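See structure below.
The values are calculated or read from the model by the stated rules, or taken from the named source; none is laboratory data. Worth saying up front: this structure is predicted, and the values here are computed from it rather than measured. Glycine also receives a Cβ, built like all others from the backbone with ideal geometry; neighbour counts cover every protein chain displayed. Keep in mind that these areas ignore ligands, DNA and RNA; they rest on the heavy atoms of the full protein, side chains included. Shrake-Rupley method; radii C 1.70, N 1.55, O 1.52, S 1.80 Å.
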Amino acid sequence: MIAFLIKRLFHALLVMFVISVISFAIQDNLGDPIQQMVGQSVPESERAALREELGLNDPFLVQYLRFAKNAVQFDFGYSCFFNEPTTDVILRHLPATLELVAAATFLIVTLSVPIGVYSAIKPRSPLSRLFMGVSIVGISIPVFLTAIVLIQIFSIGISVTPFPETTGWGSWLNGLLSTEGGMPAYGRGNDLTHVVGTWYTNFASWDSLTYLILPAISLASIMLPLFIRLIRAEMLEVLQSDYVKFAKAKGISMRRIYFLHALKNTMLPVITVGGVQIGTLVAFTILTETVFQWPGMGLMFLDAIERSDIPLIITYLMVVGLIFVITNTLVDLIYGLVNPTVKLTGKPA
């Protein structure tokens with residue numbers, strides 16, 4: 001375990017180094033921060049003086065070494081727009097993004113496992129065919145379109161009248177297909193509960209939780225079809241294995257075979273692929289947060305690009321990279337715990 005953690009720590013440092021170099025190298029293509037800081041009316045001489053004061057005229061290597069020295073101390077500079085440390089800005093927006101990802105992950109896990117297992121156990125049933133058809137559609141629809149549709153149906157509401165309103169059955173069917181809307185679809189609301197520091201949560205009350213429902217469903221729609229199909233495919237393969245056939249021959253109940261023997265081995269590749277995909281949700285929050293104006297890191301990142309807030313952009317990329325590294329390490333640890341035949345040191349069992 002210790003050897004594995006040391007190895008993973010070395011890999012993490014190497015990945016973070018590469019991310020820092022790439023992030024720092026593209027800053028010249030992100031715009032001119034001086035123009036955003038001082039505006040158009042400031043003369044060029046003052047702009048040049050400010051550029052010299054900030055060290056923007058130094059060679060790339062000098063600028064990067066100065067950045068790396070400060071980054072080791074978690075000092076990524078000051079935001080050009082907020083005029084405060086970028087880490088403070090990130091920490092203020094990070095809880096909103098993490099809560100959105102956590103809610104989406106909860107929906108993905110609680111829905112994909114039973115649906116995927118059922119579709120594998122009864123692959124020819126009408127319900128399984130419906131699940132597979134919907135999953136194909138779900139993979140094809142972009143997240144921003146899903147978000148817009150959810151807002152229209154559940155927030156704004158729709159009125160559908162294909163049946164004659166003069167009849168009782170027609171009026172009832174029209175009412176069944178129509179929605180009144182009313183669900184919040186903008187921001188996090190004002191009824192947030194303070195947890196600690198800059199962390200305000202939507203999970204403490206139902207009123208604040210309602211603001212999280214539509215964004216979480218929209219974000220979950222990206223990975224949910226993938227997880228359903230992945231679990232179904234792996235479960236079908238496991239059910240054809242020799243040890244499952246042997247368990248059936250021994251007379252073990254099918255429920256025990258499905259949910260104890262087969263499901264456990266099904267989840268091994270799902271954990272490997274799924275863990276990385278869950279980490280990807282942090283990047284996909286950009287579109288979801290933009291549509292719902294969810295005040296997380298994704299919306300902050302787009303605003304930083306528009307303002308050419310380079311220190312904040314670099315800090316965001318570093319934080320997202322760190323989240324990926326931590327996620328991958330946790331996936332490896334969980335995989336080793338679920339599958340005892342895998343040695344974390346990488347040596348054969």
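Side notes on the structure shown:
- Given (1) buried (at least 18 other Cβ atoms within 10 Å of the Cβ); (2) more than 26 Å from the chain's Cα centre (by Cα), number of the condition VAL143 does not satisfy: (2)
- Test set (1) open to solvent by less than 40 Å² (accessible area, probe 1.4 Å); (2) in a helix (DSSP H, G or I); (3) at pLDDT 85 or above - VAL331 fails condition number: (3)
- Check on PHE76, surrounded by 15 or more Cβ atoms within 10 Å (Cβ to Cβ), over 26 Å from the mean Cα position of the chain (by Cα), closer than 17 Å to VAL319 by Cα and not charged (D, E, K, R): no
- When region 184-201 is filtered for residues that are open to solvent by less than 70 Å² (accessible area, probe 1.4 Å) and under 23 Å from VAL149 (Cα atoms), the ones remaining, listed by number, are PRO184, ALA185, GLY187, ARG188, GLY189.
- If only residues of region 141-175 that are in contact with a Phe, Trp or Tyr (Cβ under 7 Å, 6 or more places away or on another chain) and touching a residue at least 60 places away in the same chain (Cβ under 8 Å) are counted, the one that is farthest from LEU212 (Cα to Cα) is VAL143.
- Top-ranked residue of region 202-247 - restricted to ones that are among the acidic types (Asp, Glu) and open to solvent by 60 Å² or more (accessible area, probe 1.4 Å), ranked as farthest from the chain's Cα centre (by Cα): ASP242
- Filter pass, LEU239 being in contact (Cβ under 8 Å) with a residue 60 or more places away in the chain, over 30 Å from VAL143 (Cα atoms) and in contact with a Phe, Trp or Tyr (Cβ under 9 Å, 6 or more places away or on another chain): yes
- Look at region 1-26: where a residue is under 15 Å from VAL72 (Cα atoms) and without any contact (Cβ under 8 Å) to a residue 24 or more places away in the chain, no partner that is open to solvent by less than 100 Å² (accessible area, probe 1.4 Å) and polar (S, T, N, Q) sits 6+ places away or on another chain with Cβ atoms under 6 Å.
- Looking only at residues of region 270-292 that are open to solvent by 30 Å² or more (accessible area, probe 1.4 Å), in contact with a Leu (Cβ under 7 Å, 6 or more places away or on another chain) and over 18 Å from THR110 (Cα atoms), we find that the one that is modelled with the lowest pLDDT is PHE284.
- Look at region 219-233: where a residue is over 11 Å from PHE131 (Cα atoms) and among the basic types (Lys, Arg), no partner that is part of a helix (DSSP H, G or I) and at pLDDT below 90 sits 6+ places away or on another chain with Cβ atoms under 7 Å.
- Wholly within region 85-189, helices (runs of 4 or more DSSP H) carrying at least 2 residues that are touching a helix residue (DSSP H, G or I) at 6+ places or on another chain (Cβ under 9 Å) and under 30 Å from VAL320 (Cα atoms): 86-121, 126-140, 143-150
- Counted residues, region 190-218 - those being among the small types (Gly, Ala, Ser), in a helix (DSSP H, G or I) and either over 18 Å from PRO295 (Cβ atoms) or touching a residue at least 24 places away in the same chain (Cβ under 8 Å) (or both): 2
- Filtering ASN83, ASN57 for residues that are surrounded by fewer than 13 Cβ atoms within 10 Å (Cβ to Cβ), more than 26 Å from LEU281 (Cα to Cα), without any contact (Cβ under 8 Å) to a residue 12 or more places away in the chain and touching a Lys or Arg at 6+ places or on another chain (Cβ under 8 Å) leaves a single hit, ASN57.
- Scanning region 248-260 for residues that are free of Cβ contacts under 8 Å to residues at least 60 places away in the same chain and either outside any helix (DSSP H, G or I) or open to solvent by 60 Å² or more (accessible area, probe 1.4 Å) (or both) yields LYS248, ALA249, LYS250, GLY251, ILE252, SER253, MET254, ARG255, ARG256, LEU260.
- Filter result (of a type in the set (S, T, N, Q) and touching an Asp or Glu at 6+ places or on another chain (Cβ under 9 Å)) within region 304-330: SER308
- Tally, over region 89-135, of residues that are in contact with a Ser or Thr (Cβ under 8 Å, 6 or more places away or on another chain), charged (D, E, K, R) and open to solvent by 60 Å² or more (accessible area, probe 1.4 Å): 2
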